[in-house]
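Working notes, beginning with the structure itself.
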Amino acid sequence: MVWAATFRRGKHKPAIEECRIAVEIDPSHAKAYNAMGVSYDALGDHGRAVESYRRLWLLIRGSITFSTTWDILTFFKQAGSGH
């Protein structure tokens, strides 16, 4: 997972590209979708962040906790308000 190290260093543009490759290889790679969402959000691209989180949600919706659901819903609310 090369993208994970890039992401942790805060290099969001390269992390997004590496995550794209990861999900092309494995479309069920939930962590890559999460990292793309965080990176897009950090870069101010909230539309793409929401789309990444939507794909993540579709992958993990049956196995998440209430707190994770609350965090996702809070993000969508903030993104929808232009925050």
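The values are calculated or read from the model by the stated rules, or taken from the named source; none is laboratory data. Small disclaimer: the values here were computed from a predicted structure and weren't measured. Here Cβ is always computed from backbone atoms with ideal geometry, including for glycine, and neighbour counts include all displayed protein chains.
Here are the numbers for this structure:
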item	result
Qualifying residue in the stretch 40-60 (condition: modelled with pLDDT of 90 or more, in contact with a Ser or Thr (Cβ under 7 Å, 6 or more places away or on another chain) and of a type in the set (A, V, I, L, M))	no
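This table checks each residue for (1) out of contact with any His (no Cβ under 8 Å at 6 or more places or on another chain); (2) hydrophobic (A, V, I, L, M, F, W, C); (3) assigned to a loop (DSSP other than H, G, I, E, B); (4) surrounded by 19 or more Cβ atoms within 10 Å (Cβ to Cβ).
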| residue | (1), (2), (3), (4) |
| --- | --- |
| A15 | yes, yes, no, yes |
| R20 | yes, no, no, no |
| A32 | yes, yes, no, yes |
| Y40 | no, no, no, yes |
| G47 | yes, no, no, no |
| S52 | yes, no, no, yes |
| L56 | yes, yes, no, yes |
